[in-house]
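**Q** Just dropping this structure here.
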């Protein structure tokens, strides 16, 4: 990672942060893409230009809940460190309240999507153990799982 003032540049496939790491700030993607991975390595989402990265853990001072990795062509972002971000929110309490409430709603949505995804995984395991005639149902469940994964808000770091 190269930092030039407030601009950060990552090489292709470079890890930006890992699950369980401490939050250090927020990134606004300028170019390239960033892949967001769950603990089990499942690709949850790919973020692009003008999307936020790292805001949830920074806002709530929680460990990172996903791994973020630059895409195959790398990525660049504007970086706002945790201290500067907190100072900005402390000046504008209304903005702070709006951001926190929105993040809580997104976190709950993410939790529900993850629970549904786990349930679908269990169904798929049962189908694998069952008759081969259920193959079409398995394909449909796989498609549903993919759609659910896309619902997981990757901005919830």
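Values quoted throughout were computed directly from the atomic coordinates according to the rules given, and no laboratory measurement underlies them. Remember, it's a predicted structure, so these values are computed and weren't measured experimentally. For neighbour counting, all protein chains shown are included, and Cβ atoms are generated from backbone atoms with ideal geometry for every residue, glycine included.
**Q** For segment 21-61 and segment 62-84, what is the separation of their Cα centres, given in Å?
**A** Using only Cα atoms, the two centres lie 5 Å from each other.
**Q** Which angle from 0 to 90°, rounded to the nearest 10, does the C-alpha axis of helix 135-151 make with the longest principal axis of the chain?
**A** Roughly 10 degrees, rounded to the nearest 10.
**Q** Which shape class applies to segment 1-133: rounded if a/c is under 1.5, otherwise prolate when a/b exceeds b/c and oblate if not, where a ≥ b ≥ c are the square roots of the Cα gyration tensor eigenvalues?
**A** Here segment 1-133 falls in the oblate category.
**Q** Still on this structure: Working from Cα positions, state the angle (0 to 90°, nearest 10) between the long axis of helix 82-91 and the longest principal axis of the chain.
**A** The angle comes out near 70 degrees.
**Q** Next question, about the same structure. Any idea how far apart residue 128 and residue 97 come out in nm if each label point goes 7 Å out from Cα toward Cβ?
**A** 4.9
**Q** Helix-only mean residue ellipticity at 222 nm, the chain, DSSP H runs n ≥ 4 weighted -39,500 (n - 2.57), per residue, nearest 500. What is it?
**A** That calculation yields -15000 deg cm²/dmol at 222 nm.
**Q** Could I ask something else about it? Which whole-number percentage describes the relative contact order of segment 2-151, with Cα contacts under 8 Å and a sequence gap of 6 or more?
**A** 26
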